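Single-structure report; data block below.
Rule-based calculations on the coordinates, nothing more; no lab input. Because the structure is a prediction, the values reported are computed rather than measured. Here the Cβ positions follow ideal geometry from the backbone for every residue, glycine too, while neighbour counts run over all protein chains shown.
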Amino acid sequence: MNVLSAIGETLVLIGAFFYVLSALGLIRMPDVYNRMQTATKSATLGSLGVLTGVGLWAVGDGLSWAWLTKSIVIALFLLLTNPIAAHALIRAAYKSGIPLWEGSVVDKYREHIEAKEKASEGGGEE
Amino acid sequence: MEEASKVSRYLYTAIVLFLIWLFLTASLDPQELAIGAVMSIVVAAFSYELFTTRGLGNLHPRRVAYAIAYIPYFLWAMIMANLDVAYRVLHPKRPINPGIVECKTVLETGAGKLALANSITLTPGTITLDIDGDKYFIHWIDVKDSSVEGASQNITRPFEKFLKVIFG
C-alpha cells in the first residue's frame, strides 16, 4: 500500500459513485432528454475516474507504467467517442418526435425548423 | 480554408500515430520503436487524407500550448458541472429547468465546431442537439438565459477562447 495505489483506489471509488448517481438519474429524470443528461455525463466522469484510477493503482502495486499510459489512451478515445454517441441518440429522439417534458421552458430548435420550413414553402430564399 | 501540402499532412498523421503507439506500448525498446515507426508510416499513407487538412500547422507552439492548457481547464469545468448535475439528481425536489436554447459560435473550421460540440456534450447539463451553420441547438438542464446572446455567454464562450486558437 503506497500513495499511488491509495490515489488510484480513491479515484475508482469516486468513479463508481458517479456511476451510481447516473443510474439514479436515469430513474428520477422526467423525459428522455434529461435522462440522457445524467446517463451520458456521469458515465463520462465515472469512466474517467475508474480508468485513471486503475492505471495509478496498477503502477502503485508495482506493475509496469504501460498500465497508466494505456488507460489514459482508452480514456482519451472514450472522451472522443462518447459525446458523438450521446449527440446521435438525442438527435434521433428529437427527430422521431418525442416531446419535451411539460416543465421545459424553451424550444428554439422547433422555432428554427418551422422558420426553415416556412422559408422553403414560401418560394425559398436559398 | 486552404489545405496544407500533402507532405505536411502526411508527416503530421505519422507523428500522431507514432505518439499513440508510444502510449500504447509504453516502452523504449528499439525493436518496439522500429516496428511502431514502420507501422505509423504505412498507416499514415492510407489515412492522411481523411485525418487532417492543416498538417504540421497543427503543431504550431501557440496551438500546442493552448491545447495543453485546455485539458486541465476542461477537466475542471467538467468536474464542476458533474457536481452540479449530481446535486440536481440527489435533491428531493429535483430542481431542473430544462429547455433547448440556441447559441452562436465564432469558430469557423469544421474541426473546431466538432471540438466545441464535443466539449459541450461532455460537460454535464448540456447536450448538442444539432448544428446548422454557426447555430448550435443545445439541450440545457437548467436554462438560465434563453436568449441567443445569453446562452452563448454561458455555454460556448468559455470554451471558444481556447478552441479559437487551437482550431481557428
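If one computes P(r) from the Cα atoms of the protein assembly as shown, what percent of pairs lie at distances over 23 Å? That fraction is 62 percent.
With semi-axes defined as the square roots of five times the eigenvalues of the C-alpha gyration tensor, the equivalent ellipsoid of chain B measures 37, 20, 13 Å, largest first. Counting only other chain Cβ atoms within 10 Å of each residue's Cβ, the peptide B:82-88 averages 6. Taking the helices alone, chain B has a mean residue ellipticity at 222 nm of -21000 deg cm²/dmol, built from -39,500 (n - 2.57) per DSSP H run of at least 4 residues and averaged over all its residues.
Across the cross-link table entries A:Lys95/B:Lys161; B:Lys135/B:Lys164; B:Lys93/B:Lys144, which are compared at the Cα atoms, the separations over 23 Å belong to A:Lys95/B:Lys161.
Relative contact order, whole percent, for chain B stands at 23, derived from Cα pairs under 8 Å and 6 or more residues apart. Between the helical axis of B:157-167 and the longest alpha-carbon principal axis of chain B there is an angle of about 20 degrees.
Annotation for segment B:87-168: trypsin sites (Lys or Arg not before Pro) lying in DSSP loop with at most 14 further Cβ atoms inside 10 Å of their Cβ are B:Lys93, B:Lys144. Computed from Cα positions, the angle between helix B:110-122 and the longest principal axis of chain B comes to roughly 50 degrees. Can you compute the charge dipole magnitude of chain B about its Cα centre, using +1 on each Lys and Arg Cβ and -1 on each Asp and Glu Cβ, nothing else charged? Give it in debye, rounded to the nearest 20. Charge dipole, chain B, about its Cα centre: 340 debye, nearest 20. Taking GluC sites (Glu not before Pro) across segment B:1-75, the ones in a DSSP loop with at most 13 further Cβ atoms lying within 10 angstrom of their Cβ are B:Glu2, B:Glu3. With springs only between Cα atoms under 10 Å apart, run a GNM on chain B and tell me which of B:Ser40, B:Ser119, B:Ser27 wobbles the most. Of B:Ser40, B:Ser119, B:Ser27, the most mobile in the Gaussian network model is B:Ser27.
For segment B:102-168, the relative contact order works out to 47 percent when only alpha carbon pairs closer than 8 Å and six or more residues apart are counted. Relative contact order of segment B:1-60: 61 percent, from C-alpha pairs under 8 Å at least 6 residues apart in sequence.
Note on chain B: GNM, Cα springs under 10 Å; of B:Leu122, B:Leu28, B:Leu75, the largest mean-square fluctuation is that of B:Leu28.
Per residue of A:27-33, other chain Cβ atoms within 10 Å of the residue Cβ number 4 on average. Segment B:28-87 and segment B:95-129 have Cα centres lying 21 Å from one another. The C-alpha atoms of chain B define a longest principal axis, and helix B:61-90 lies at about 40 degrees to it.
If you keep only loop residues by DSSP, which GluC sites (Glu not before Pro) in segment B:61-168 have at most 16 other Cβ atoms within 10 Å of their Cβ? Passing sites in segment B:61-168 are B:Glu108.
When restricted to Cα atoms, segment A:9-62 yields an Rg and a Dmax of 13.1, 47 Å, respectively.
Set against the 2.2 N^0.38 Å expectation for a compact globular protein, segment A:3-99 has a Cα radius of gyration ratio of 1.28. In summary, the helical segments of chain A meeting the span-like criteria, namely a full DSSP H run, a Cα extent along the axis of 18 angstrom or more and a mean Kyte-Doolittle hydropathy of at least 0.5, are A:3-28, A:32-60, A:66-95.
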